[in-house]
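Trainee: Just dropping this structure here.
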Amino acid sequence: MSQSLSAQAMTERALELSRADECMVLVTEASTANLRWAGNSLTTNGVTRGRSATVISLVKDAAGVRVGSVSQSGLRDDQLEDLVRASEEAARGSAPVKEAYSLVDPASAEASGSEWDAPVPVTDIGVFSEFAPALGKAFERSSQAGVRLYGYAQHTMSATFLGTSTGLRLRHDQPSGTLDLNAKSEEPHHSTWVGQATRDFTDVDVAALEAELERRISWGRTTVELPPGRYETLLPPSAVADLMTDLYWELGARDAFEGRTAFSSPQGGTRVGERLSPLPVRLRSNPAEPGLECAPFVLADAPGRRISAFDNGRPVGATEWISDGELARLVQTYDSAMMTALPLTPEADNLILELPGATASLDDMVASTERGLLLTCLWYIRMVDPRTMLLTGLTRDGVYLVEDGEVRGAVNNFRFNESPVSLLERVTEVGKTTPTFSREFGEYFPLTAMPPMRVPDFNMSSVSQAS
């Protein structure tokens, strides 16, 4: 049977088929266009369309509420009933959940989502109509300069529909684009990277990105070997985004309240209200942030400690997680808010770090540096100790020595051991916040705006042979 039901009709039909006591249905329809290139030549391009559905069944008995969540991609109309039954079977076979509570009342749900019955928006290869010719010109210039460009561009248009047996109907449309651009030179061998998140690729300035890559390639013509140690280090917005995203993902209130994270108080409870930075920085999220717009209500496919399907449809508002340098909020489900007696603040899909009034660019900070390191990006970041949020990872695609306000050359890569919480305690300068795209986590969490940061003693724990 061919797929004929619209995403809206599939949501309604799944709810009609449900025999559970309560049911939630999430249907996402997405189209994606992509370009890939290597060695100054386009290698592949394509357009895909797909649909995924999640059915969350709630079965109630004397022991409590049992939940079964089953998802399937590429779902045909004739497979929908099987998906619903599988969800119900999963619920009956599960243990009762402790955090069960009533589904969101439609009357209290967020009303600012997309129009339910509007056609699903799609993307196609035409989204690159200005970007692709500009990239072609960059290929020509790079070939003449002995530099090879590699990379990937992707644009997605998705629409997610949420329906519940209590009558809730919400929809969110999300455009999302990402660009990874890598330059490699042969004599001497040097590699560097730039990236960008975008809603539609009309704001991507290929010539400016290429110029930045060329500047870093020129820095790499001089090389300096440095030992491990603690160095004054300038972190560009892309590296700050990776570190702050990792911090954000550890802001779960339940884990903090239970003593599991760096935001747990040694005296019990959480560190809300404690100062995390000597500078009055703000770490915040806002679904309506211009250029970083995201879903204004909760969309979750299962119960969880940090985000819960029982909160589906609850409004997601503007929240300051760190306010004037103090920990102000934690990511809450309704259940954890009851446990901690703190405000209900669900997570959002964007993140902004800023220091009010800061105007310095990364170049300004380089110019005021006597001696230190300038990073390009971080890679292969892994948690070492959740209680202190100690991370380890590698530098990648360009670490540079700065002396007397100028970049003197490229240095070897390092393995680092650092905690984003500790970095906030030790940061001495924060620059102007700009939209950015992180190297490690940008594919999963692209909507960020971050400043450059100066850390006086960033821990480069060992030399890395990665190149």
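Trainee: From ASP255, ASP246, which residue is touching a strand residue (DSSP E or B) at 6+ places or on another chain (Cβ under 7 Å), touching a residue at least 12 places away in the same chain (Cβ under 8 Å) and either surrounded by 19 or more Cβ atoms within 10 Å (Cβ to Cβ) or not in a strand (DSSP E or B) (or both)?
Mentor: Details: ASP255 fails: touching a strand residue (DSSP E or B) at 6+ places or on another chain (Cβ under 7 Å).
Answer to the selection: ASP246.
Trainee: Next question. Return the residues of region 364-390 that are more than 30 Å from PHE263 (Cα to Cα) and either open to solvent by 80 Å² or more (accessible area, probe 1.4 Å) or touching a Lys or Arg at 6+ places or on another chain (Cβ under 7 Å) (or both); say none if nothing qualifies. Walk me through it before giving the result.
Mentor: Step one: list which residues in region 364-390 are more than 30 Å from PHE263 (Cα to Cα), which gives 364-372.
Within region 364-390, ASP364, MET365, GLU370, ARG371 qualify.
Trainee: Does any residue of region 215-231 turn out to be in contact (Cβ under 8 Å) with a residue 24 or more places away in the chain and within 18 Å of the chain's Cα centre (by Cα)?
Mentor: No; the residues of region 215-231 include none that is in contact (Cβ under 8 Å) with a residue 24 or more places away in the chain and within 18 Å of the chain's Cα centre (by Cα).
Each row is one residue, and each column tells you yes or no for (1) in contact (Cβ under 8 Å) with a residue 60 or more places away in the chain; (2) more than 30 Å from SER176 (Cβ to Cβ); (3) of a type in the set (S, T, N, Q); (4) touching a helix residue (DSSP H, G or I) at 6+ places or on another chain (Cβ under 6 Å).
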position	(1), (2), (3), (4)
THR392	yes, no, yes, no
VAL402	yes, yes, no, yes
ARG408	yes, yes, no, no
PHE414	yes, yes, no, no
SER419	yes, no, yes, no
LEU424	yes, no, no, no
GLY442	yes, no, no, no
THR448	yes, no, yes, yes
PRO456	yes, yes, no, no
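Trainee: Condition first: within 17 Å of MET460 (Cβ to Cβ), open to solvent by 50 Å² or more (accessible area, probe 1.4 Å) and of a type outside the set (Asp, Glu). Now tell me which residues in region 204-243 satisfy that.
Mentor: Those that are within 17 Å of MET460 (Cβ to Cβ), open to solvent by 50 Å² or more (accessible area, probe 1.4 Å) and of a type outside the set (Asp, Glu): THR223, PRO227, PRO228, ARG230.
Trainee: Here is a follow-up. Spot the failing condition for ILE352; the list is (1) out of contact with any Ser or Thr (no Cβ under 6 Å at 6 or more places or on another chain); (2) under 30 Å from ASP200 (Cβ atoms); (3) in contact (Cβ under 8 Å) with a residue 24 or more places away in the chain; (4) part of a loop (DSSP other than H, G, I, E, B), and only one is missed.
Mentor: It fails just one condition, (4).
Trainee: For the list (1) modelled with pLDDT under 95; (2) hydrophobic (A, V, I, L, M, F, W, C); (3) closer than 22 Å to PRO237 by Cα, I need the number of the one condition that VAL194 fails.
Mentor: Result: VAL194 fails condition (1) only.
Trainee: Report the residue count in region 135-154 for those that are polar (S, T, N, Q), more than 22 Å from SER31 (Cβ to Cβ) and surrounded by fewer than 21 Cβ atoms within 10 Å (Cβ to Cβ). Give the derivation first.
Mentor: The initial filter retains those residues of region 135-154 that are polar (S, T, N, Q), namely 142-144, 154.
From what's left, more than 22 Å from SER31 (Cβ to Cβ): 142-144.
Next, from what is left, pick out any that are surrounded by fewer than 21 Cβ atoms within 10 Å (Cβ to Cβ): 143-144.
Number satisfying all stated conditions: 2.
Trainee: Let me ask something else. Filter region 282-332 down to the residues that are of a type in the set (A, V, I, L, M, F, W, C) and open to solvent by 50 Å² or more (accessible area, probe 1.4 Å) and list them by number. Before the answer, list the steps.
Mentor: First, the residues of region 282-332 that are of a type in the set (A, V, I, L, M, F, W, C): 283, 288, 292, 294-295, 297-300, 302, 307, 309-310, 316, 318, 321-322, 327-328, 330-331.
Result: ALA288, LEU299, ILE307, ALA318.
Trainee: Please work out which residue is most open to solvent (accessible area, probe 1.4 Å), limiting yourself to region 103-134 and to residues that are in contact with a helix residue (DSSP H, G or I) (Cβ under 8 Å, 6 or more places away or on another chain) and within 20 Å of ASP301 (Cα to Cα).
Mentor: Residue satisfying both the conditions and the ranking: TRP116.
Results for (1) assigned to a strand (DSSP E or B); (2) within 31 Å of the chain's Cα centre (by Cα); (3) closer than 30 Å to ALA132 by Cα; (4) modelled with pLDDT under 95, shown as yes or no for each residue.
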| site | (1), (2), (3), (4) |
| --- | --- |
| SER2 | no, no, no, yes |
| GLN8 | no, yes, no, no |
| THR11 | no, yes, no, no |
| GLU16 | no, no, no, no |
| VAL25 | yes, yes, no, no |
| THR28 | yes, yes, yes, no |
| GLY46 | yes, yes, yes, no |
| THR54 | yes, yes, no, no |
| SER57 | yes, yes, no, no |
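Trainee: Consider only pairs whose beta carbons are under 7 Å apart and that are at least six residues apart or on different chains; among these, list those whose first residue lies in region 71-89 and is at negative phi and free of Cβ contacts under 8 Å to residues at least 24 places away in the same chain and whose second residue is assigned to a helix (DSSP H, G or I) and of a type outside the set (S, T, N, Q).
Mentor: Once the first residue is at negative phi and free of Cβ contacts under 8 Å to residues at least 24 places away in the same chain and sits in region 71-89, its partners that are assigned to a helix (DSSP H, G or I) and of a type outside the set (S, T, N, Q) give GLN72/LEU83.
Trainee: Only one of these is open to solvent by less than 20 Å² (accessible area, probe 1.4 Å) and not charged (D, E, K, R): VAL25, VAL70, VAL59, VAL47. Name it.
Mentor: Numbers: VAL70 fails: open to solvent by less than 20 Å² (accessible area, probe 1.4 Å); VAL59 fails: open to solvent by less than 20 Å² (accessible area, probe 1.4 Å); VAL47 fails: open to solvent by less than 20 Å² (accessible area, probe 1.4 Å).
Matching residue, one of VAL25, VAL70, VAL59, VAL47: VAL25.
Trainee: Of all the residues that make up region 31-44, how many are surrounded by fewer than 20 Cβ atoms within 10 Å (Cβ to Cβ), among the aliphatic types (A, V, I, L, M) and out of contact with any Leu (no Cβ under 7 Å at 6 or more places or on another chain)?
Mentor: 1
Trainee: Here's another thing I want to ask about it. Yes or no: MET450 buried (at least 22 other Cβ atoms within 10 Å of the Cβ), modelled with pLDDT of 95 or more and within 25 Å of GLU347 (Cα to Cα)? Step through it out loud before you land on a result.
Mentor: On the way: buried (at least 22 other Cβ atoms within 10 Å of the Cβ): yes; modelled with pLDDT of 95 or more: yes; within 25 Å of GLU347 (Cα to Cα): yes.
When the stated conditions are applied, MET450 passes them.
Trainee: A follow-up question, please. Could you list, in sequence order, the residues of region 408-439 that are open to solvent by less than 40 Å² (accessible area, probe 1.4 Å), in a loop (DSSP other than H, G, I, E, B) and in contact with a Lys or Arg (Cβ under 9 Å, 6 or more places away or on another chain)?
Mentor: Of everything in region 408-439, those that are open to solvent by less than 40 Å² (accessible area, probe 1.4 Å), in a loop (DSSP other than H, G, I, E, B) and in contact with a Lys or Arg (Cβ under 9 Å, 6 or more places away or on another chain) turn out to be VAL427, GLY431, ARG439.
The values are calculated or read from the model by the stated rules, or taken from the named source; none is laboratory data. These numbers were taken from a predicted model, which means no experiment stands behind them. All Cβ positions, glycine included, derive from the backbone under ideal geometry; neighbour counts span all protein chains shown. In case anyone asks, the SASA skips ligands and DNA or RNA and just uses the protein heavy atoms, side chains included. Shrake-Rupley method; radii C 1.70, N 1.55, O 1.52, S 1.80 Å.
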